[in-house]
1. Among (1) surrounded by 12 or more Cβ atoms within 10 Å (Cβ to Cβ); (2) at pLDDT 85 or above, which single condition is Val26 missing?
2. Taking Ser75, is it surrounded by fewer than 17 Cβ atoms within 10 Å (Cβ to Cβ) and on the phi < 0 side of the Ramachandran plot?
3. Could you check region 72-84 and list, in sequence order, the residues that are part of a helix (DSSP H, G or I), more than 20 Å from Leu14 (Cβ to Cβ) and in contact with a helix residue (DSSP H, G or I) (Cβ under 9 Å, 6 or more places away or on another chain)?
4. Kindly evaluate Leu20 against the criterion of being surrounded by 18 or more Cβ atoms within 10 Å (Cβ to Cβ), at pLDDT below 90 and assigned to a helix (DSSP H, G or I).
5. Every residue in region 23-45 that is more than 28 Å from Phe97 (Cα to Cα) and assigned to a helix (DSSP H, G or I), please.
6. What about Val68, is it on the phi < 0 side of the Ramachandran plot, surrounded by fewer than 18 Cβ atoms within 10 Å (Cβ to Cβ), in contact with a Lys or Arg (Cβ under 9 Å, 6 or more places away or on another chain) and part of a helix (DSSP H, G or I)?
7. From Leu43, Leu13, which residue is modelled with pLDDT of 90 or more and buried (at least 17 other Cβ atoms within 10 Å of the Cβ)?
8. Condition first: assigned to a helix (DSSP H, G or I) and surrounded by fewer than 18 Cβ atoms within 10 Å (Cβ to Cβ). Now tell me which residues in region 46-65 satisfy that.
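The values are calculated or read from the model by the stated rules, or taken from the named source; none is laboratory data. In this text, all values refer to a predicted model and were calculated from it rather than measured experimentally. Cβ placement follows ideal geometry from the backbone for every residue including glycine, while neighbour counts extend to all protein chains displayed.
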Amino acid sequence: MRVKFIGLFFIILLGYAVVLLTLPYVSVYYTYFAIPALAVTGLFGFGSLKNPKLTAAFVFIITLIAWVATLLTVSYVGVYLSMIVLPILGFSALVMFMESKQGNKS
């Protein structure tokens, strides 16, 4: 099952890169699907309960890169994309912070 999520992650990532870099018009609805899908498939494909801090960092970085790439390549994004991305970034940053605090106590 994990291998399927990894494969799906790379398919979505490749598709998203192709859409952003080659099409003259990018539907904002595609970005609403692709960014959370990358976060979820990355979480289940590369995530580990043994190291939640690393998993959260992966989700944070992938989401941040996809968000910035979208902002730089799509002419009109709208505030709704931020309403999707900011909770993902906030939650993953919170997990990283909490795991850092627990690591310092040990």
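1. (2)
2. Numbers: surrounded by fewer than 17 Cβ atoms within 10 Å (Cβ to Cβ): yes; on the phi < 0 side of the Ramachandran plot: yes.
Spelling it out, Ser75 is indeed surrounded by fewer than 17 Cβ atoms within 10 Å (Cβ to Cβ) and on the phi < 0 side of the Ramachandran plot.
3. Keep residues of region 72-84 that are part of a helix (DSSP H, G or I), which gives 72-73, 79-84.
Among the residues that remain, those that are also more than 20 Å from Leu14 (Cβ to Cβ) are: 79-84.
Tyr80, Leu81, Ser82, Ile84 - these are the residues of region 72-84 that are part of a helix (DSSP H, G or I), more than 20 Å from Leu14 (Cβ to Cβ) and in contact with a helix residue (DSSP H, G or I) (Cβ under 9 Å, 6 or more places away or on another chain).
4. On the way: surrounded by 18 or more Cβ atoms within 10 Å (Cβ to Cβ): yes; at pLDDT below 90: yes; assigned to a helix (DSSP H, G or I): yes.
Yes; evaluated as a whole, the condition is true for this residue.
5. Start the filter on region 23-45 by keeping residues that are more than 28 Å from Phe97 (Cα to Cα), which leaves 23-30.
The answer is Val28, Tyr29, Tyr30.
6. Details: on the phi < 0 side of the Ramachandran plot: yes; surrounded by fewer than 18 Cβ atoms within 10 Å (Cβ to Cβ): yes; in contact with a Lys or Arg (Cβ under 9 Å, 6 or more places away or on another chain): no; part of a helix (DSSP H, G or I): yes.
Criteria not met by Val68.
7. Details: Leu43 fails: modelled with pLDDT of 90 or more.
Being modelled with pLDDT of 90 or more and buried (at least 17 other Cβ atoms within 10 Å of the Cβ) holds for just one of Leu43, Leu13, which is Leu13.
8. Filtering region 46-65 down to residues assigned to a helix (DSSP H, G or I) leaves 46, 52-65.
Residues satisfying the conditions are Phe46, Pro52, Lys53, Leu54, Ala57, Ile61, Leu64, Ile65.
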